[in-house]
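Asker: First the structure, which I've put down as structure tokens, then a few questions once you've had a look.
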Amino acid sequence: MTTFELVNPATAEVIGEVDHSDAAAVDDAVAAAQSAQRVWAGLAPAARAGRLRDFAAAVAAHRDELAALEVANSGHPIGQARWEADHVTDVLTYYAATPERLSGKQIPVTGGIDITFCEPIGVIGVITPWNFPMTIASWGFAPALAAGNAVIVKPAEWTPLTTIRLAELAEQAGLPPGLLQVLPGRGDVVGEAMLGHRGIGKIVFTGSTTTGRHVMARAAESVKRVTLELGGKSANIVFADCDLERAAATAPYGVFDNAGQDCCARSRILVQRSVHEKFMELLEPAVTGVRVGDPTDENTEMGPLVSRAHLEKVSSYVSDDAPVAFRGTAPDGPGFWFPPTVLTPQPTDRVVTEEIFGPVVAVLPFDDEADAVAIANATDYGLSGSIWTDDLSRALRVSRAVAAGNLSVNSHSSVRYSTPFGGFKQSGLGRELGPDAPLGFTETKNVFIAVSDGEGKP
Ligand code: ADP
């Protein structure tokens with residue numbers, strides 16, 4: 001066991017340390033998870049539903065504590081951190097309805113009856129990133145538990161605290177010990193051991209596309225099921241016929257939320273050439289008006305980046321001669337601060353093609369609808385995007401033409417627990433959330449029962 005220091009991103013101060021598990025801990029965790037899963041799956045559906053509701057209630061009761069942990073460990077603004085804790089409650093409440101509704105089918109066949117069962121996979125491994133630690137963990141564990149599985153979560157190295165606390169709350173709420181375990185540790189140690197473990201039937205991975213490819217390749221060795229939620233380079237397409245004031249006023253929040261550390265960040269703003277100049281005039285005050293600062297302040301809209309290493313990575317995209325149109329502000333002094341930054345680059349620049357995962361946005365002009373769709377789709381990613389237009393037919397045409405999993409028209413919303421979320425192309429595989437997510441944690445079993453004809457013939 002080694003220890004790992006945790007740092008407050010807003011102050012650069014060490015706030016504590018966490019014990020890192022080793023590969024052997026994965027063996028022990030899987031064994032404990034397997035026995036807990038048998039107990040869990042043996043409970044009546046209503047009992048499992050009740051325990052999940054109790055877990056949701058425990059999260060609600062500890063909302064302020066969880067939010068404060070996320071502020072200290074991840075630098076999220078307090079208002080956002082509270083939203084995240086509430087979202088975990090909502091996700092658990094939503095999927096608490098699953099155990100009593102996870103029905104199979106009865107399929108018409110000759111000679112008998114045919115029924116299907118949704119069997120739990122068994123033990124699910126959830127590997128999470130550092131950008132939204134508790135919400136993303138809940139997208140994996142809530143539907144997985146609801147479908148009758150046990151779950152082992154490996155949180156990202158920098159941000160384990162809220163996930164560890166959620167597992168404690170689960171046990172206090174009456175979930176069988178071992179049913180939801182958290183193994184803090186390194187990706188190349190604990191994560192790798194999970195990928196190689198034959199007792200884990202499915203991996204839910206959220207993180208970079210590079211690591212996601214590796215996860216998929218290693219999962220193939222044992223034909224593990226995978227859900228992958230990877231990177232993005234989403235387009236915010238602004239047509240001349242839209243409410244330009246609103247499009248400009250909201251654009252910063254479509255990309256700078258969580259300091260741009262969001263796979264759904266609309267990090268390319270495509271603007272119809274005829275309104276490009278006007279849009280930039282309107283965008284500037286919106287960007288300089290983003291309140292960047294102390295995450296414990298109720299008025300703060302954007303906090304720091306998560307770590308010094310990440311600050312260096314984001315900074316490498318904005319060199320001294322970068323085509324900066326304008327920038328917002330950020331505090332000086334300790335902490336990993338980076339101001340909201342608007343670039344007007346060439347379409348081939350790496351700031352246009354690569355995911356930066358920081359508060360940096362590229363604005364590009366386009367000529368017409370076909371041009372907009374072509375630029376939006378000129379990426380290996382396909383996670384989200386926004387379309388601003390007052391023409392309903394155009395909104396629908398472009399929504400259908402953009403190759404991405406989550407689009408919003410005249411808004412920047414991406415994630416609702418009741419609707420499916422996930423990516424096209426190299427942004428991922430499978431969908432999380434929404435009504436069907438629990439099915440992703442089950443195997444369909446088909447059972448045929450012969451019915452005799454009552455005259456002794458089979
Ligand atoms: P980043 O967003 O920092 O680039 P990654 O995609 O590498 O992150 O990390 C997302 C999650 O994947 C983290 O929990 C990390 O520890 C884990 N991880 C990193 N490398 C591996 C690996 N080889 N096997 C399994 N998990 C990994």
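The values are calculated or read from the model by the stated rules, or taken from the named source; none is laboratory data. As the structure is a prediction and not an experimental result, all values here were calculated from the model. Every residue, glycine among them, receives a Cβ derived from its backbone with ideal geometry; neighbour counts consider all protein chains shown.
Asker: Could you list, in sequence order, the residues of the range 225-245 that are assigned to a loop (DSSP other than H, G, I, E, B) and either aliphatic (A, V, I, L, M) or at positive phi (or both)? If you could, list the steps in order and put the result at the bottom.
Answerer: If we filter the range 225-245 for residues that are assigned to a loop (DSSP other than H, G, I, E, B), which is where we start, we get 230-234, 239-243.
The answer is L230, A240.
Asker: Let me ask something additional. So in the range 19-46, with the set limited to residues that are in contact (Cβ under 8 Å) with a residue 24 or more places away in the chain and outside any helix (DSSP H, G or I), which one is farthest from K202 (Cα to Cα)?
Answerer: It comes out as D19.
Asker: Taking the options S315, S307, name whichever one is modelled with pLDDT of 95 or more, surrounded by fewer than 19 Cβ atoms within 10 Å (Cβ to Cβ) and within 26 Å of the chain's Cα centre (by Cα).
Answerer: When all the criteria are applied, what remains is S315.
Asker: Which one of these is buried (at least 24 other Cβ atoms within 10 Å of the Cβ) and farther than 30 Å from E13 by Cα: A97, A137, A144? Break it down stepwise before answering.
Answerer: On the way: A97 fails: buried (at least 24 other Cβ atoms within 10 Å of the Cβ); A137 fails: farther than 30 Å from E13 by Cα.
One residue alone meets the criteria, A144.
Asker: Follow-up question, since we're still on this one. In this structure, is A403 assigned to a loop (DSSP other than H, G, I, E, B) and assigned by TED's automatic domain parsing to the domain that holds A374?
Answerer: Spelling it out, A403 is indeed assigned to a loop (DSSP other than H, G, I, E, B) and assigned by TED's automatic domain parsing to the domain that holds A374.
Asker: What single numbered condition from (1) of a type outside the set (S, T, N, Q); (2) touching a helix residue (DSSP H, G or I) at 6+ places or on another chain (Cβ under 8 Å); (3) within 16 Å of the ligand (Cβ to nearest atom) fails to hold for A309?
Answerer: So A309 meets the others, but not (2).
Asker: Then there's this: Of all residues in the range 1-50, which are buried (at least 19 other Cβ atoms within 10 Å of the Cβ), out of contact with any Pro (no Cβ under 6 Å at 6 or more places or on another chain) and either over 20 Å from H310 (Cβ atoms) or at pLDDT below 95 (or both)?
Answerer: Matches in the range 1-50: S21, A25, V26, A29, V30, A33, Q37.
Asker: If I387 meets every condition in (1) surrounded by fewer than 18 Cβ atoms within 10 Å (Cβ to Cβ); (2) modelled with pLDDT of 95 or more; (3) over 14 Å from G232 (Cβ atoms) apart from one, which number is that one?
Answerer: Against the list (1) surrounded by fewer than 18 Cβ atoms within 10 Å (Cβ to Cβ); (2) modelled with pLDDT of 95 or more; (3) over 14 Å from G232 (Cβ atoms), I387 comes up short only on (1).
Asker: If you check every pair at least six apart or on different chains, which have Cβ atoms under 9 Å apart with a residue in the range 62-86 that is surrounded by 24 or more Cβ atoms within 10 Å (Cβ to Cβ) first and a residue that is outside any helix (DSSP H, G or I) and acidic (D, E) second?
Answerer: The qualifying pairs are P77/D294; P77/D297; P77/E298; P77/E301.
Asker: Restricting to the range 197-218, count the residues that are surrounded by fewer than 21 Cβ atoms within 10 Å (Cβ to Cβ) and closer than 14 Å to D28 by Cα.
Answerer: Count: 3.
Asker: Which of (1) within 16 Å of the ligand (Cβ to nearest atom); (2) surrounded by fewer than 17 Cβ atoms within 10 Å (Cβ to Cβ); (3) acidic (D, E); (4) touching a residue at least 24 places away in the same chain (Cβ under 8 Å) is the odd one out, the single condition D241 does not satisfy?
Answerer: Here D241 meets the rest and fails (1).
Asker: Further question on the same structure: Given the conditions (1) exposed (fewer than 15 other Cβ atoms within 10 Å of the Cβ); (2) under 27 Å from the mean Cα position of the chain (by Cα); (3) in contact (Cβ under 8 Å) with a residue 24 or more places away in the chain; (4) over 28 Å from T211 (Cα atoms), which single one is not true for R400?
Answerer: (3)
Asker: Still on this structure: Mind checking which residues of the range 184-198 are small (G, A, S) and more than 9 Å from the ligand (Cβ to nearest atom)?
Answerer: Restricting attention to the range 184-198, the residues satisfying the condition of being small (G, A, S) are 185, 187, 191, 193, 196.
The answer is G196, and nothing else.
Asker: Continuing with this model, one more query. Let me confirm something: among G333, G358, G382, which residue is in contact with a Lys or Arg (Cβ under 6 Å, 6 or more places away or on another chain) and small (G, A, S)?
Answerer: None of the others qualify; the one that does is G382.
Asker: Pairs under 9 Å by beta carbon, first residue in the same structural domain as V151 (by TED's automatic domain parsing) and in contact (Cβ under 8 Å) with a residue 12 or more places away in the chain in the range 179-190, partner more than 10 Å from the ligand (Cβ to nearest atom) and aromatic (F, W, Y), six or more apart or different chains?
Answerer: As it stands, the answer is L179/W40; L180/F55; L180/F141; P184/F4; G185/F4; R186/F4, since those pairs meet every condition given.
Asker: Under 9 Å between Cβ atoms, which residue pairs at least 6 apart in sequence (or on different chains) link something in the range 128-140 that is within 15 Å of V59 (Cα to Cα) with a partner that is assigned to a helix (DSSP H, G or I) and within 12 Å of the ligand (Cβ to nearest atom)?
Answerer: P133/T163; M134/T163; A137/T163
For every residue, the table says whether it meets (1) at positive phi; (2) surrounded by 15 or more Cβ atoms within 10 Å (Cβ to Cβ); (3) free of Cβ contacts under 8 Å to residues at least 24 places away in the same chain.
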| position | (1), (2), (3) |
| --- | --- |
| R394 | no, yes, no |
| L407 | no, yes, yes |
| T419 | no, no, yes |
| R431 | no, yes, no |
| D436 | no, no, yes |
| V447 | no, no, no |
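Asker: Looking only at residues in the range 125-183 that are more than 16 Å from the ligand (Cβ to nearest atom) and among the charged types (D, E, K, R), which one is nearest to D257 (Cα to Cα)?
Answerer: In this case the residue turns out to be R165.
Asker: Being farther than 17 Å from G385 by Cβ and crowded, with 24+ Cβ neighbours inside 10 Å is the requirement here; does V182 meet it?
Answerer: Here the answer is yes, as V182 does meet what is asked.
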